[in-house]
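Undergrad: Sharing a structure here in structure tokens format.
The values are calculated or read from the model by the stated rules, or taken from the named source; none is laboratory data. Since the model is a prediction, treat every value here as computed from it, not as a measurement. Ideal geometry is used to build each Cβ from the backbone, glycine not excepted, and the neighbour counts take in all protein chains shown. Note: accessible area is taken over every heavy atom of the protein model, side chains too, but ligands, DNA and RNA are not part of it. Shrake-Rupley method; radii C 1.70, N 1.55, O 1.52, S 1.80 Å.
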Amino acid sequence: MNKQFLRGLTMGVLSVMGLSCASANVSQTQWLDQEKQTIANTSTQLLEQARNYQQQIESYCAKPSSEALLTSQRLWQQNYLAYLPLQSSALGPLVDLKLNWAISYWPDKKDTTGRKVKAALSNAPMPLSDTHSNLRVQEYLLFESLSDQQRCSLLPGAVSRYVSATEQVSSGLQSAELEKLKVEQLRSDVLNSYRLQTSIMLRKYRAMYSAKHSRLRPYQGEAWRANISAQLLAEQLSLLQARYQQGLAPFLASEDSKLAKQVSEQFAALIPLMPSQEPSDEKAKLAVWQQAEPHLAKLDSLFANQIPQALSIELGFNNNDGD
């Protein structure tokens with residue numbers, strides 16, 4: 001899948017999220033209302049993508065063909081992109097780490113995903129669990145060299161369990177559900193969702209690039225079987241930038257305009273530096289990965305430290321911190 005295609009998918013996600021240029025000097029209530037709308041729209045988009053994807057998998061397995069497989073792979077990619085704005089956010093039902101795993105299990109240093117699928121396809125098969133029926137398991141089934149029969153022995157069930165997980169996420173992230181939270185809890189959870197996003201992006205980056213050993217590690221990427229790990233990471237950063245500009249930036253500017261500008265500038269400086277080539281690409285340049293890493297670390301620090309301090313919001317600890 002090329003970068004232009006992923007960019008088109010990103011713009012589609014942004015459209016559903018309802019992102020546009022926002023005016024500054026908004027109240028905390030306005031900020032939280034905007035965030036609730038964005039979160040609800042994003043979770044609805046994920047569920048819609050999941051259901052369309054499930055229909056395609058059923059169609060492919062009913063009548064396998066190369067064209068149907070390619071379409072299935074494309075819809076898998078759309079689902080992963082739709083999930084990225086919520087990944088590791090710990091919002092609502094996503095505070096449950098197992099629910100995150102039911103959508104995408106990462107990091108996976110020992111390739112648990114691969115071992116689970118191989119066992120399920122063996123002569124003495126072991127059924128896939130709910131937390132190992134996720135998008136990364138489906139990536140294996142869609143992108144590895146398997147027969148249609150092998151793929152379809154597991155895909156329908158895995159996708160069905162994945163759709164159930166997205167239904168749980170969507171129902172728990174609608175505005176009416178978020179309204180039930182106390183304001184103090186809501187603002188902490190929303191701001192923490194930004195911080196957890198930058199944290200996981202930095203972890204992804206450092207999984208693929210080792211500064212200590214000055215080398216790239218392609219098989220630690222999030223979607224290395226589909227060969228789009230670096231591209232997904234760049235798109236996730238763009239999605240977070242758009243959310244920040246629409247939601248948090250105007251409110252932060254009313255409290256600390258200098259810091260709000262610094263964060264915007266950090267996003268703007270980092271995005272062009274993000275590697276566009278996969279770490280497995282023979283043309284991938286280590287210097288490119290070396291250049292972007294400290295800028296991403298700085299962005300993470302802003303969301304972990306300066307922004308919470310400026311807004312007097314304490315960030316809670318949870319299972320998705322990865323600390």
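Undergrad: Working carefully through the options Glu235, Glu282, find the one that is modelled with pLDDT under 95 and either not hydroxyl-bearing (Ser, Thr, Tyr) or not in a loop (DSSP other than H, G, I, E, B) (or both).
TA: Glu282
Undergrad: If you don't mind, another one. Taking the residues in region 219-245 that are touching a Leu at 6+ places or on another chain (Cβ under 6 Å) and open to solvent by 20 Å² or more (accessible area, probe 1.4 Å) as candidates, determine which candidate is nearest to Asn134 (Cα to Cα).
TA: Looking at residues that are touching a Leu at 6+ places or on another chain (Cβ under 6 Å) and open to solvent by 20 Å² or more (accessible area, probe 1.4 Å), I get Gln231.
Undergrad: Considering only helices (runs of 4 or more DSSP H) fully contained in region 109-222, which possess at least 3 residues that are in contact with a Cys (Cβ under 8 Å, 6 or more places away or on another chain)?
TA: 148-172
Undergrad: Just wondering, is there one or more residues in region 112-119 that are of a type outside the set (Gly, Ala, Ser), open to solvent by 10 Å² or more (accessible area, probe 1.4 Å) and within 19 Å of the chain's Cα centre (by Cα)?
TA: no
Undergrad: Being in contact (Cβ under 8 Å) with a residue 12 or more places away in the chain and over 20 Å from the mean Cα position of the chain (by Cα) narrows it down to one of Ser210, Ser193, Ser264, so name that one.
TA: The unique qualifying residue is Ser264.
Undergrad: Looking only at region 52-70, how many residues end up being exposed (fewer than 14 other Cβ atoms within 10 Å of the Cβ) and of a type outside the set (S, T, N, Q)?
TA: Number of matching residues: 4.
Undergrad: Let me ask you something else. So, Leu19, is that one modelled with pLDDT under 95, on the phi < 0 side of the Ramachandran plot, among the hydrophobic types (A, V, I, L, M, F, W, C) and not in a helix (DSSP H, G or I) or not?
TA: Yes.
Undergrad: Please work out which residue is least open to solvent (accessible area, probe 1.4 Å), limiting yourself to region 273-298 and to residues that are free of Cβ contacts under 8 Å to residues at least 24 places away in the same chain and in contact with a Leu (Cβ under 8 Å, 6 or more places away or on another chain).
TA: Ranking the candidates gives Val288 first.
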